[in-house]
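A.B. asks: Have a look at the structure that comes next, please.
The values are calculated or read from the model by the stated rules, or taken from the named source; none is laboratory data. The shown structure was predicted, so the numbers you read here are calculated from the model rather than taken from an experiment. Note that we place each Cβ from the backbone using ideal geometry, even for glycine, and neighbour counts take in every protein chain shown. The protein model used for the area step is the full one, side chains on, heavy atoms only, and it has no ligands, DNA or RNA in it. Shrake-Rupley method; radii C 1.70, N 1.55, O 1.52, S 1.80 Å.
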Amino acid sequence: MEKKDITGLLGIRFPIVQGGMAWVAEWHLAAAVSEAGGLGVIASGSADADFVRGQVRAVRERTAAPFGVNVMLINPHVDDLMQLMADEKVPVVTTGAGNPGKYVPDLKAAGSVVVPVVASAALAKRMERAGADAVVAEGCEAGGHIGETTTMNLVPQVVDAVSIPVIAAGGIADGRGAAAAFLLGASGVQVGTRFLVAKEAQVAQAYKDRVLAAGDTDTVVTGRSTGHPVRVLKNKLMREILSREKEGIDPAEFEELMAGTLRKAVVDGDVDYGSVMAGQSAGLVKREETCAEIIVDIMDGMRRAYAGLGEYFK
Ligand code: TUI
């Protein structure tokens with residue numbers, strides 16, 4: 001198998017990218033991950049360009065290491081944000097929730113490495129043709145807005161569909177998951193949920209506590225009926241939403257009920273009536289640690305996983 005190096009492409013020490021989690025992934029987290037040798041990513045979520053400019057400058061004040069910004073394509077300020085990426089010469093731009101094809105030429109001209117997050121092999125192919133440098137293949141074990149295919153199935157199919165490097169995401173929280181992703185042909189991993197509880201993550205303690213307490217069956221997917229599936233931890237709001245969906249809720253009313261609920265959980269700590277987005281790997285996440293500890297543990301776990309394989313294949 002051809003080896004594709006993402007550490008060289010992204011200018012990082014370890015092949016670990018932090019997920020661009022809206023409201024969660026601000027400069028404290030991104031700078032800490034980049035300082036620890038991974039790729040820290042600022043999430044722009046629904047923020048405007050002025051806010052994101054401040055975040056980019058805050059990361060640059062704290063680390064000389066490369067970092068990324070995630071631009072969500074359903075953000076109403078997307079055109080301004082993409083202009084900002086070029087103006088600020090952001091080293092890596094990741095995208096989510098859509099097709100960033102038309103922005104790729106300007107981002108490349110500004111010198112950014114462009115890494116769209118995809119949930120299908122078809123979009124991965126289109127992104128390669130549009131000039132993307134790599135893709136994140138995000139399986140439906142991930143938290144937040146998701147596609148339909150599991151990481152186990154999506155990653156090798158995306159690897160077969162494109163020749164650019166593939167970064168696996170969705171359900172990867174430790175060295176075992178990372179090792180598995182590499183065996184599927186990935187060249188790196190993106191980790192969200194485990195970084196959400198990092199000491200440096202500015203997230204309400206009640207939100208972190210819910211993630212730390214979660215088990216393997218504690219996430220649900222809302223929004224399947226309205227075409228915007230989102231994985232969250234079960235709580236009072238989500239039980240209500242799911243029962244309304246069963247009754248056939250109007251998509252506009254659904255959007256209204258969900259508006260502002262992620263901020264409510266992350267910032268205000270309302271874990272009963274907010275959206276506590278998390279991946280299925282929440283059940284694997286047991287401790288609040290520093291980003292450096294998380295990265296070292298994933299790398300050590302990966303080494304142990306490969307050493308264990310040797311027993312079978314000697
Ligand atoms: O974007 C994410 N995860 C997110 S975004 C988010 S904020 C949000 N909050 C409430 C409702 C909706 C969003 C929370 N989590 N991950 C990357 C991702 N992209 N997952 C799936 C996709 C995706 C889906 C469809 C990418 C492209 C696509 O279609 C594009 C096309 O035009 O074919």
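A.B. asks: Residues LEU257, LEU233: which one is over 27 Å from PRO15 (Cβ atoms) and touching an Asp or Glu at 6+ places or on another chain (Cβ under 6 Å)?
C.D. replies: Exactly one residue qualifies, and that residue is LEU233.
A.B. asks: A further question follows. Taking the criterion of being under 27 Å from ARG287 (Cβ atoms), open to solvent by less than 40 Å² (accessible area, probe 1.4 Å) and modelled with pLDDT of 95 or more, would at least one residue in region 157-165 satisfy it?
C.D. replies: The answer is no, given that none of the residues of region 157-165 is under 27 Å from ARG287 (Cβ atoms), open to solvent by less than 40 Å² (accessible area, probe 1.4 Å) and modelled with pLDDT of 95 or more.
A.B. asks: Within region 141-151, take every residue that is in contact with a helix residue (DSSP H, G or I) (Cβ under 8 Å, 6 or more places away or on another chain) and surrounded by fewer than 24 Cβ atoms within 10 Å (Cβ to Cβ) and give me the one that is nearest to VAL211 (Cα to Cα).
C.D. replies: That would be GLU141.
A.B. asks: For region 204-219, name all the residues that are under 25 Å from GLY147 (Cα atoms) and buried (at least 16 other Cβ atoms within 10 Å of the Cβ).
C.D. replies: If the condition is that a residue be under 25 Å from GLY147 (Cα atoms) and buried (at least 16 other Cβ atoms within 10 Å of the Cβ), then TYR207, LYS208, ARG210, VAL211, ALA214, ASP218, THR219 are the ones that fit.
A.B. asks: Also, quick follow-up: Applying the selection to region 83-105, what residues are assigned to a helix (DSSP H, G or I), within 16 Å of the ligand (Cβ to nearest atom) and under 24 Å from ALA142 (Cβ atoms)?
C.D. replies: Once the filter is applied, which keeps residues that are assigned to a helix (DSSP H, G or I), within 16 Å of the ligand (Cβ to nearest atom) and under 24 Å from ALA142 (Cβ atoms), region 83-105 yields GLY101, TYR103, VAL104.
A.B. asks: Same structure, new question: Between residues in region 119-145 that are at positive phi and residues that are open to solvent by less than 30 Å² (accessible area, probe 1.4 Å) and more than 12 Å from the ligand (Cβ to nearest atom), which pairs lie under 9 Å by C-beta distance while being six or more apart or on different chains?
C.D. replies: GLY131/VAL104; GLY131/LEU107; GLY131/VAL114
A.B. asks: Mind checking which residues of region 49-72 are within 16 Å of the ligand (Cβ to nearest atom) and in contact with a helix residue (DSSP H, G or I) (Cβ under 7 Å, 6 or more places away or on another chain)?
C.D. replies: Within region 49-72, VAL52, VAL69, VAL71 qualify.
A.B. asks: Restrict the check to region 16-25 and report whether at least one residue is out of contact with any Ser or Thr (no Cβ under 9 Å at 6 or more places or on another chain), away from the ligand (no atom under 16 Å from the Cβ), under 21 Å from LYS199 (Cα atoms) and in a helix (DSSP H, G or I).
C.D. replies: Checking region 16-25: not a single residue is out of contact with any Ser or Thr (no Cβ under 9 Å at 6 or more places or on another chain), away from the ligand (no atom under 16 Å from the Cβ), under 21 Å from LYS199 (Cα atoms) and in a helix (DSSP H, G or I).
A.B. asks: Tell me which residues, restricted to region 58-77, are assigned to a helix (DSSP H, G or I), open to solvent by 20 Å² or more (accessible area, probe 1.4 Å) and touching a residue at least 24 places away in the same chain (Cβ under 8 Å).
C.D. replies: Hit for region 58-77 is ARG62, nothing else.
A.B. asks: Please state which one of LEU154, LEU123 is over 25 Å from ALA31 (Cα atoms), over 12 Å from the mean Cα position of the chain (by Cα) and buried (at least 24 other Cβ atoms within 10 Å of the Cβ).
C.D. replies: LEU154
A.B. asks: Report yes if some residue within region 47-64 is closer than 30 Å to SER163 by Cβ and not small (Gly, Ala, Ser); otherwise report no.
C.D. replies: no
A.B. asks: For VAL113, which of the numbered conditions (1) in contact (Cβ under 8 Å) with a residue 40 or more places away in the chain; (2) within 16 Å of the ligand (Cβ to nearest atom); (3) not polar (S, T, N, Q) fails to hold?
C.D. replies: (2)
A.B. asks: In region 287-314, how many residues are under 26 Å from THR149 (Cα atoms) and not in a helix (DSSP H, G or I)?
C.D. replies: Qualifying residue count for the region: 0.
A.B. asks: I'd like to check something: does region 191-202 contain any residue that is within 13 Å of the ligand (Cβ to nearest atom) and outside any loop (DSSP other than H, G, I, E, B)?
C.D. replies: For region 191-202, residues within 13 Å of the ligand (Cβ to nearest atom) and outside any loop (DSSP other than H, G, I, E, B): present.
A.B. asks: Given the conditions (1) surrounded by 21 or more Cβ atoms within 10 Å (Cβ to Cβ); (2) among the polar types (S, T, N, Q); (3) over 29 Å from GLU293 (Cα atoms), report the number of the one that THR94 does not fulfil.
C.D. replies: Here THR94 clears every test but (3).
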